[in-house]
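Here the structure comes first, spelled out in C-alpha cells, and everything after it is commentary.
The values are calculated or read from the model by the stated rules, or taken from the named source; none is laboratory data. Model, not experiment: these values are computed from the prediction. All Cβ positions, glycine included, derive from the backbone under ideal geometry; neighbour counts span all protein chains shown. For the accessible areas, the whole protein counts, side chains as well, though only heavy atoms, and no ligand, DNA or RNA atoms are used. Shrake-Rupley method; radii C 1.70, N 1.55, O 1.52, S 1.80 Å.
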Amino acid sequence: MKLGLWACSAFAAIMIVGCGSGDSGGSTSTTPGTTAEKPAGTTAGNLPLVVFSQANSADPWRQQFDAETKAAAEANKSAFKFEEQAAEDDPNKQISQIDTLMLESPKVLLVSPAEMSVRTAIEKAFDKGTSVILLDRGIPGDKYTVHIGGDNVEIGKQAGEYIAKRLNGKGIVLMIQGKGGADATNDRREGAMAAFKKFPGISVIQGDDCKYQRQAAQSYMETFLQTGKPFDAVYAHNDEMAIGAYQAYDHAATKPKTKPIFVGVDGCQQEVVQMIKDGKLDATFRYPDPGPKGIEVAAEILKGNKPKDKKIILPTELVDKSNADKYLAAHPGLAK
Ligand code: FRU
C-alpha cells in the first residue's frame, strides 16, 4: 500500500503523530517523483534514493520517529528521494523488506533493526557498497557506516542508580524486559545490573519479555501481582511497559502496601510526563529520536562527507517530578 507522503509530510511538522497510527507493516511511503527510465540508485531528475527500513511503526516512540524522519526527508526533497517500509518488529519480515528495497539500488539505507538477526540483510547491503546508517537498535560487527542512537548501557545505569537511591539501597526490583534479540534490551538490562551490583541490599527479579508493548506488560503485571510476591520498584525498559505495569497495579485487588516506584525509558509522551507529575510514574529517561540526525547524515554522505565517527550518541536526560514542567516546556513536540 502506498501512503501519500505528500499529504503526510506536509502536515508532519504540525501533527507529530499523524499518518499511520497502528503499524504500517509492509507499507511504503515515497517522496513524489516517478521512477521510470532511471539509472540504478537514482530517480527521475537523477535524484539519488535514500531508503528507510523501520522496525515497526506501532508505538508512540516509533510514530514520532517516523513523522520526524519524514519531515526531515521532505525538507531535503531537492537532494534525494525517500522511501520507508516498516516491519511490525518481525526480523524475518524486515530482512525480506531490506532485500526488496535493495533491488532499487539505494545510495543510503537507513535501518532501525527489529533484532540483531537483521544483520544478514544489512551486511549484504553494506557489502554491495550502500552506505548504511543504523538508527536506535544496532547489530554486532562493523559492517555499517554509522550508528546513531542513545547509549542504552548508560541509560540502564542511570535508571538503576536512580532506583537504588530512591530505595535507599534496599529493596526488590522487578525488571520488565523489552524485546529479546534487540541490543537495546540487553544494554538497558546490563547497564542497570551493573548499577545494582554496587548496592548489596538490592535484588532483582528478571521479569518477562513484554516486547516493549503496554498491553503485554499490563497482562504480565496482572499475573505477577496475583502471586503476591513482594517488590518495591518496577524498572521497565520503556515507558509504554511502565504505563502498562502501573495500570495493572492501579486496578489490582492485591498489591504491595507501599506504592512501588515505576521507572521507564523514552520520555517522548505528554502522557508519561503527566503521570510523573501525578505521582503515578516516578521517572523516565529520554531516548531521543535518531531520525532527523539520520537524514542529516544521509544528506552529508550524498555530498561525499562520510561521518568521522562510527557511533553518534544522542544524550539522555532524567525526567522526574522535580523537572517535569521544565521538560515539557523544553520539548513542546512530545506525542500526546
Ligand atoms: C519502540 C521502542 C522504544 C524503545 C526502542 C528501543 O519500538 O520500543 O520504546 O526505546 O524501541 O529500541
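Anything in the range 151-160 that is open to solvent by 10 Å² or more (accessible area, probe 1.4 Å) and closer than 8 Å to ALA192 by Cα? List them, or say none.
VAL153, LYS157, GLN158
Scan the range 162-175 and tell me whether some residue there is surrounded by 20 or more Cβ atoms within 10 Å (Cβ to Cβ) and among the aromatic types (Phe, Trp, Tyr).
Checking the range 162-175: at least one residue is surrounded by 20 or more Cβ atoms within 10 Å (Cβ to Cβ) and among the aromatic types (Phe, Trp, Tyr).
Among the residues of the range 133-150 satisfying the criterion of being among the hydrophobic types (A, V, I, L, M, F, W, C) and either buried (at least 24 other Cβ atoms within 10 Å of the Cβ) or part of a loop (DSSP other than H, G, I, E, B) (or both), which is nearest to the ligand (Cβ to nearest atom)?
It comes out as LEU135.
Within the set of pairs 6 or more residues apart or between chains, which connect a residue that is more than 14 Å from LYS321 (Cβ to Cβ) and away from the ligand (no atom under 16 Å from the Cβ) inside the range 250-278 to a residue that is open to solvent by 80 Å² or more (accessible area, probe 1.4 Å) and assigned to a loop (DSSP other than H, G, I, E, B) with Cβ atoms less than 7 Å apart?
Sorted first by the residue in the range 250-278, then by its partner, the pairs are PRO256/PRO230.
Hey, could you check the range 115-132 for residues that are in contact with a Gly (Cβ under 8 Å, 6 or more places away or on another chain) and in contact (Cβ under 8 Å) with a residue 40 or more places away in the chain and say which is farthest from the ligand (Cβ to nearest atom)?
Among those that are in contact with a Gly (Cβ under 8 Å, 6 or more places away or on another chain) and in contact (Cβ under 8 Å) with a residue 40 or more places away in the chain, it is SER117.
Any idea how many residues of the range 173-220 are outside any strand (DSSP E or B) and of a type in the set (S, T, N, Q)? Show your work before the answer.
Filtering the range 173-220 for residues outside any strand (DSSP E or B) gives 178-201, 210-220.
Filter once more, keeping what is of a type in the set (S, T, N, Q): 185-186, 213, 215, 218-219.
Total satisfying the criteria: 6.
What's the total number of residues in the range 280-295 that are open to solvent by 30 Å² or more (accessible area, probe 1.4 Å) and over 30 Å from VAL51 (Cα atoms)?
1
Only residues in the range 57-86 that are within 19 Å of ILE148 (Cα to Cα) count as the first member; pair them with residues that are among the basic types (Lys, Arg) and within 16 Å of the ligand (Cβ to nearest atom), Cβ under 9 angstrom, at least 6 apart or cross-chain, and list the lot.
Cβ pairs passing all conditions: ALA72/LYS293; ALA86/ARG62.
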